[in-house]
Amino acid sequence: ADIIVVAHGQANDPFWSVVKNGVEKAAEHTGANVEFRAPETFDMVAMSQLIDAAVNQEPDGLAVSIPDADALGPSIERAVAAGIPVISINSGSDVSKSLGALLHVGQDEFDAGKAAGEKLAELGGTKGICVNQEVGNVALDLRCEGFAEGFGNEITVLPTTNDPTEIESKVRAALDSDPDIDTVMALGASTAGEPSVAAAKASGRDVLVASFDLSAPFLQSIVDGDAAFAIDQQQFLQGYMAVNFLALNAEYGLMPGGNVPSGPNLITAEKAGQVIDLSAQGIR
Amino acid sequence: MTDTSQLVVDERLKPESFGAKLMKRPELGAIAGVILVVIFFAITADPAMFTLSGFMNFMTPAAQLGILAIGAALLMIGGEFDLSIGSMVAFSGLFFAVCTVTWGFPLIIAIPATFIFAGCFGALNGTIVIHSGLPSFIVTLAFLFILRGLSLVGLKWATGGSTQLRGVREAVEGDFLAPLFSGDAFQGLFASLANAGLVETFKNGTPKVPGIPVEIIWFVLIALLATYILLKTPAGNWIFAAGGDKNAAANSGVPVNRVKVSLFVLTACCAAMVAIITVMDAGSTDARRGFQKEFEAIIAAVIGGCLLTGGYGSAIGAFFGAIIFGMVVIGLTYTNFDQDWFQVFLGAMLLIAVLFNNAIRKRVTGER
Amino acid sequence: MTDTSQLVVDERLKPESFGAKLMKRPELGAIAGVILVVIFFAITADPAMFTLSGFMNFMTPAAQLGILAIGAALLMIGGEFDLSIGSMVAFSGLFFAVCTVTWGFPLIIAIPATFIFAGCFGALNGTIVIHSGLPSFIVTLAFLFILRGLSLVGLKWATGGSTQLRGVREAVEGDFLAPLFSGDAFQGLFASLANAGLVETFKNGTPKVPGIPVEIIWFVLIALLATYILLKTPAGNWIFAAGGDKNAAANSGVPVNRVKVSLFVLTACCAAMVAIITVMDAGSTDARRGFQKEFEAIIAAVIGGCLLTGGYGSAIGAFFGAIIFGMVVIGLTYTNFDQDWFQVFLGAMLLIAVLFNNAIRKRVTGER
Amino acid sequence: MTVDTNFHHGDAPDSAPIVEMRDIEKHFGNIIALAGVSFDVRPGECHCLLGDNGAGKSTFIKTMSGVHRPTKGEIFFEGKHMNFASPRDAMEAGIATVFQDLAMIPLMSVTRNFFMGREPTKGKGLFKRFDTETANRIAVEEMRQMGINLRGPDQAVGTLSGGERQTVAIARAVHFGAKVLILDEPTSALGVRQTSNVLATIDRVRKQGIGVVFISHNVRHALAVGDRFTVLNRGKTLGTARRGEISPEELQDLMAGGQELAQLEGSLGGTV
Amino acid sequence: MTVDTNFHHGDAPDSAPIVEMRDIEKHFGNIIALAGVSFDVRPGECHCLLGDNGAGKSTFIKTMSGVHRPTKGEIFFEGKHMNFASPRDAMEAGIATVFQDLAMIPLMSVTRNFFMGREPTKGKGLFKRFDTETANRIAVEEMRQMGINLRGPDQAVGTLSGGERQTVAIARAVHFGAKVLILDEPTSALGVRQTSNVLATIDRVRKQGIGVVFISHNVRHALAVGDRFTVLNRGKTLGTARRGEISPEELQDLMAGGQELAQLEGSLGGTV
Ligand SMILES: Nc1ncnc2c1ncn2[C@@H]1O[C@H](COP(=O)(O)OP(=O)(O)OP(=O)(O)O)[C@@H](O)[C@H]1O
Ligand SMILES: Nc1ncnc2c1ncn2[C@@H]1O[C@H](COP(=O)(O)OP(=O)(O)OP(=O)(O)O)[C@@H](O)[C@H]1O
Ligand SMILES: [Mg+2]
Ligand SMILES: [Mg+2]
């Protein structure tokens, strides 16, 4: 069976590389011929064109993430109209059904952010910053919004680039210039999470640091007590399950009856130790 | 000395092949690259790429990029850069979306307003560059940041906190101007072609290609218009002169400043055009629209033979440059290469296309 | 005619103020911008910014950017661009991490190997540019993509599937070369200063600033060295000549091709330097390191007065340019502005700094 | 280095000057290029501007043609006080100039350079377009009249020989010539035939009532066509003489800034 | 347009040529700039290369100095077959050239241009550095000897006057002059004093045994210093004459490509 996955995150994004690993694993297990595609940056116009390109090849199954239902809707509907089974992954749980997707595997970014926010508030956070390394990427912006909602207290969004040194300096600057900040929420473990931990340490203050997604060094910080927790949506599953379902569907016409939530999943000090190795291999 | 015939054969000229004459034109230089890329994908890619729908599929992004690239090429020929066009796509897209969704203007007002709005920023860019004498690189770079930032602020203001503004499609539905800037042209024609079996259809019978996406038509029109301006009008001459040597041009009486400011306005309007088309097509806009498009537009113009130093290049070159770039980006997804290798192939293909281009041109025109 | 004294007062010269003499040097042009930015932040930012630790905090990213910017500036003065340095940071960082972690080489081997590795790619870039005659923009752009893609492929190969390779810190721990490329210098000095109460300390008595981050020291050293080369050696003269007019330089006997290839190698080595420092500092590398650094490096060089067309500029200018850029990027975090406006301020500050700079220079040197 | 001049100051011709420049100074930063120069051109005369290298001749005529704004001093055009904001202004007022650096764009064709800024058009309204055929024809014809047979009008100016390029600039200025024609060392790169054509052209346009400003280092060329001679030295004027009032040797002496010439064997008797 | 020449072909001088060029052709795409030119220079002679605009003189000497590679033909340097890969090669072999376009970098200072590619250094090993003082001193002094008093050695060449700039190029070539000195219209922008200095300089270096190739459109300058005269026309050579074998009028006729000159009133008797 030919299956195509179109995602809004790039193959070199730490988060999406894990999804891609899941996709590859599923391809190996099912024997399907699977391809993973993504636009060069978070670009909804380009992504809709990639979906169109996929539809033109008339695959036996299509898995897409849907961060912008307006922009991607017509392309997805075209796929459905062309008789291609579609599963939505990662984002778009709310619109998945109405666009004609068979089911959704993933976790809502907003809900994940909310869960993290609630946890941080519970841990005693009163004033937070949300380190966003890609402002304008709706998926990341939703994480911040969810965090704000769950946290309840005042937060500011700290826009940065992907550069760890710059992130460290900016987090440090934010901490230095406002002594009330006691919570740092990073939107990606390796890009933003690790430098945030370093900055918190260098500031000499007691700061709650948490991050979305996993990276081995960040998990190590959790174990060491320098960071509070990481929030994991087991995105490996999003790639793996979607492809698996589509392959089974192509072969036997099988399809589960409902959405599959892959997270959220808080990784705290107890669990962190176990997943470090898996994270280092790109599975968690 | 009394011989007035200009067509007397000059013994100081060798006969020149037709090919050499063609390849000397910067307009046509990029064609060799296009051919190479087509051959490459004809061999490696899924045959779906070269069906009619595959063609429309890679031409759509190429056209969107190309509209920007032609503006950028004209500006580059005129000796300046505009790094703010990518941000301008986001910002004028936001303005357009606010006009239609938030303020509920009809397109007949919203579209001209968007062009005027973008044009004003273009004029501002140009005026600062002219009056400060600073390189346009740094001035428009500042606007890259400023406009991108304003898009974010504006979006949050318009939506009450989100970075995504939706509902444009509903807002413009039924407007008589909408078909000019969104969707597909010649739908009736394609439907009847499909009925006649001349256009492929999906299993359910709808034609795979419902029509020609309007951006492709705009792209071709703009390329033709820009070429006409460059080659056939005094303004074209002034653009080449202003970019070739600002002082020499001014000393010869070319209104260099006026030419440059107009080019900045034109480039901004190209960005507005792309913004309107993509916002109407997508039905939404977000803060990352047009991200790095300035860069891709310059790439396309340079692939098409424009010199970064100004004074040389062509709109048709940028046209083919955009097609090469668009074809490579989309084409790679039709092949079986692993996505991890995507950028390696993208880079290699660009390099090979340009090197090939260059080698062919040198060989045919006999340069050494 | 028999007057051999060169110091006779020429009636065709007006006396020139000391300030005018200073401002004529491109090295010093960017200073006005630095002062303006400092004043701005002294007023608007939290006082923490101008403590010693605040200073180190914004100088660290500025230094990393600056090392790249100086390489880029030299190359720009020599008339070429290198858009691949950002990707080169990622790729040589990967190579260095693989050397130390995967292969377990000591630094005495790993560091030279990384420089040679990067240098080879620089030489490749340069050779293609020279031999094809294509603009370096397009050639190095191809390598921007290729190297970025290879970094991803290499990382996955080295880690078995992840995009992050970690464990560098452990691998180099205790290596006698490590203090040269990571951590803070003069730690002893700062500890005793802290004891003497001259440096702020945390409540537990450790100094807030444990030392000077090594990249700052490298940054200053490289800026001095580059300035020395540009102004005081024949090679510097060749760089200006090669960038000013390639043909004229070659016709006057400057080995233009050799100069340009060396500059590409140098730029790549600057990227490798930044890669080594950041990888050792972070203890890990990932596929997005150095993203868009090529762009920022060019920005810093242009702020510092380099011309995009080549032949004019200075290393000290790039030095200050990097400081301006780094200070603005980090400094805005110290202010109370709504961070949504970050990019708007960033752009506006850059524009104002450069305009101010320019205005001051014109005023002082009496240009019109 | 001061010059003790035995220079005869010329009487002004009868007609009113087209352009009159009074006490022009021009400073570049701390460099004083012109320290107060007065000069005028009248219709139908060829006024030669002579002087040593670096005397300020080019700077002076650039001030006249709107490239530089004078630091001090006044410009009168046809009796009215004028301040050209750009070369285009000066051109529209009727001043055509051949600059020493020619003001050509190397990458553009001969025709495009020839008509740069003043393109002939055909068609109307939206279809008004650059009339390439006419332009090519005129360019080739004007060049031929100056003694250059082009291979084709679309050759890039950057690939022309030095003299061919200079001829394009001269032919262009003459073709569009209006009330004043300024020629800054127009014959420096020209062959003997082209030079005699240019000198003959100067004579022709002068007869049409155009005022010509002619800069040259060649005493013989200046004497061949000049009606009045003004000599600059180190940014100052040494005075003006009318034709016939000054001998070639005197003029050459003044042009050298009063310094003696190297001794030459050979046939260079009298004037270089 | 063919020339029926009454040109006396010169006998070769005694000594062996330093540079000998045989049947050089040079094509640019479909443009034939040189259609087979032979030429040689011997030590201690000044060999003038003359001809109409666009005849191919500059292209020819660029082939000699390694800028262009000949399309056909052979170059011998001191009897050995040679193929200069770059101007630097030619320079190292001992050929110094003043190009018609001067090969100067406008943004760089006079001193830096003067020593471009051949900088004097002081110090040793790692501290070997550009010796700015010496360089400045030499540059100013050499310029003064040519008759130009610079305001300062750090003025950008782009802001020099045309003649000042040309003098920098000449002074540079003469200063580094080796076995052959090629001068492409070196006096075109020079004042009378500077011109006579350059002609005197040619005479001086010739006496030192250097071979000089001198291109000019000025018959009088050529006759003043030339030992042999080769005339090019439309990419072909019309022949070579020795000094004294040809009259100024004959030479001028040949230089004009055999076409008649415009009639001039005034003092231009005989030669332009
Ligand atoms: N833009 C400038 N900046 C600084 N100095 C300048 C500038 N332009 C000209 N000068 C100086 O002013 C003086 C006069 O230059 P100008 O070009 O007018 O001389 P000129 O009389 O035309 O000489 P030539 O006969 O050599 O062409 C020269 O010494 C030159 O160095
Ligand atoms: N790079 C080139 N490409 C095309 N044609 C060229 C090129 N260089 C020179 N030519 C042509 O070759 C011919 C000879 O040019 P060259 O510069 O050698 O003439 P020249 O004898 O030096 O003339 P002048 O006395 O005007 O300097 C000219 O007609 C010119 O147009
Ligand atoms: Mg002059
Ligand atoms: Mg010549």
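The values are calculated or read from the model by the stated rules, or taken from the named source; none is laboratory data. This structure is a prediction, so every number in the text was calculated from the model and none was measured. With ideal geometry, Cβ positions are generated from the backbone for all residues, glycine too; neighbour counts draw on all protein chains shown. All accessible areas refer to the heavy atoms of the entire protein, side chains included, with ligands and DNA or RNA removed. Shrake-Rupley method; radii C 1.70, N 1.55, O 1.52, S 1.80 Å.
Where both partners of a DSSP beta bridge lie in the protein assembly as shown, what percent of those bridges are antiparallel, to the nearest 5? Write out the running numbers ahead of the final one.
On the way: 67 of 139 bridges.
If I count the DSSP bridges inside the protein assembly as shown, around 50 percent turn out antiparallel.
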### Query
In square nanometres, what is one fourth of the surface area of the convex hull spanned by the alpha carbons of the protein assembly as shown?
58.6 nm²
### Query
So if R0 is 56 Å, what FRET efficiency would D:A156 and C:W157 give, r being the distance between their Cβ atoms, rounded to the nearest 0.05?
0.65
### Query
In square angstrom, rounded to the nearest 10, how much accessible surface does D:K57 have for a 1.4 Å probe?
10 Å²
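Sorting B:Y334, A:Y252 by accessible area (1.4 Å probe), largest first, what list results?
Values: B:Y334 5, A:Y252 140 Å².
I get A:Y252, B:Y334, largest accessible area first.
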### Message
Can you compute the charge dipole magnitude of the protein assembly as shown about its Cα centre, using +1 on each Lys and Arg Cβ and -1 on each Asp and Glu Cβ, nothing else charged? Give it in debye, rounded to the nearest 20.
### Response
3380 debye
### Query
Using modelled backbone amide H atoms (1.01 Å from N, in-plane), which distant-in-sequence or interchain residues come within less than 5 Å of B:A185's amide H?
B:I212, B:V214
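Evaluate E = 1/(1 + (r/R0)^6) for B:K362 and B:R258, where r is the Cβ-Cβ distance and R0 equals 41 Å; express this FRET efficiency to the nearest 0.05.
Details: r = 37 Å, r/R0 = 0.90.
Once rounded, the FRET efficiency stands at 0.65.
Hey, what's the Cα Rg ratio for region B:47-365 versus the globular rule of thumb, 2.2 N^0.38 Å?
Region B:47-365 yields a ratio of 1.03.
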### Task
Give the accessible area for D:F127 in Å² (nearest 10); use a 1.4 Å probe, count only protein heavy atoms, and leave out ligands, DNA and RNA.
140 Å²
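Okay, helix-only estimate at 222 nm for chain D: each DSSP H run of n ≥ 4 adds -39500 (n - 2.57), divide by all residues, round to 500 deg cm²/dmol; what do you get? Please report the intermediate quantities before stating the final value.
On the way: 8 runs with 80 residues, N = 272.
Estimated from H runs of four or more residues: -8500 deg cm²/dmol.
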### Message
Starting from the 7 Å offset along Cα-to-Cβ, what nm value, one decimal, do you get for the label separation of A:K97 and C:V220?
### Response
6.6 nm
### Summary
Pseudo-spin-label distance B:V38 to D:L126, built 7 Å along Cα→Cβ, given in nm, is 3.1 nm
### Task
Compute the semi-axes of the equivalent ellipsoid of region C:96-165, taking the square root of 5 times each eigenvalue of the Cα gyration tensor, and list them largest first in whole Å.
27, 17, 6
### Message
I'd like the FRET efficiency for B:S192 and A:L278, computed as 1/(1 + (r/R0)^6) with the beta carbon distance as r and R0 of 56 Å, rounded to 0.05.
### Response
0.45
### Label 7 Å beyond Cα on the Cβ vector: E:E250 copy-to-copy distances, nm
3.9
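With each run of n ≥ 4 DSSP H residues scored as -39500 (n - 2.57), what mean residue ellipticity at 222 nm is computed for chain A after dividing by its residue count and rounding to the nearest 500 deg cm²/dmol?
Numbers: 11 runs with 141 residues, N = 284.
After summing the helix terms and dividing by residue count, I get -15500 deg cm²/dmol.
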### Query
How big is the accessible area of C:L307 in square angstrom, nearest 10, if you roll a 1.4 angstrom probe over the protein chains?
60 Å²
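Rounded to the nearest 20 debye, what is the charge dipole size of chain D about its Cα centre when +1 sits on each Lys and Arg Cβ and -1 on each Asp and Glu Cβ? Intermediate values should be presented prior to the final figure.
On the way: 31 positive and 31 negative charges, 247 e Å.
Once rounded to the nearest 20, the dipole reads 1180 debye.
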### Task
Kindly point out which whole DSSP H helices in chain E project their C-alpha atoms 15 angstrom or further along the helix axis while averaging a Kyte-Doolittle hydropathy of -1.0 or above.
E:132-145, E:162-176, E:192-207
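Under the definition of Cα pairs under 8 Å and six or more residues apart, what whole-number percent is the relative contact order of region B:47-365?
For region B:47-365, the relative contact order is 35 percent.
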#### Entry: Sequence-distant residues sharing a close amide H with D:I210 (under 5 Å, placed H)
D:G44
### Task
Of the options D:G79, D:L126, D:A93, report the single residue whose Cα projects farthest towards the positive end of the charge dipole of chain D (beta-carbon charges: Lys, Arg +1; Asp, Glu -1).
D:L126
### Query
What residues have an amide H closer than 5 Å to that of A:L214, excluding those fewer than 5 places away on the same chain, when H is modeled at 1.01 Å from N in the peptide plane?
A:A189
### Task
Could you pull the copy-to-copy label distances for D:T134, with points set 7 Å along Cα to Cβ, in nm to one decimal and sorted shortest first?
6.4
### Query
Which Cβ of chain C lies nearest the axis of the rotation superposing C onto B, and at what whole-Å distance?
C:T309, 3
### Message
With the label 7 angstrom out along Cα to Cβ, how close does C:N247 come to the same site in each of the other copies, in nm, nearest first?
### Response
1.8
### Task
With a 1.4 Å probe and every protein chain left in place, work out the accessible area per residue of chain C in Å², rounded to a whole number.
37 Å²
### Query
Which of the helices in chain B meet the span-like rule: DSSP H, Cα axial reach of 27 Å or more, Kyte-Doolittle mean at least -0.5?
B:52-77, B:107-132, B:136-159, B:256-282, B:315-334, B:342-365
### Message
Order A:R78, D:R193 by their accessible area, 1.4 angstrom probe, all chains in place, largest first.
### Response
A:R78, D:R193
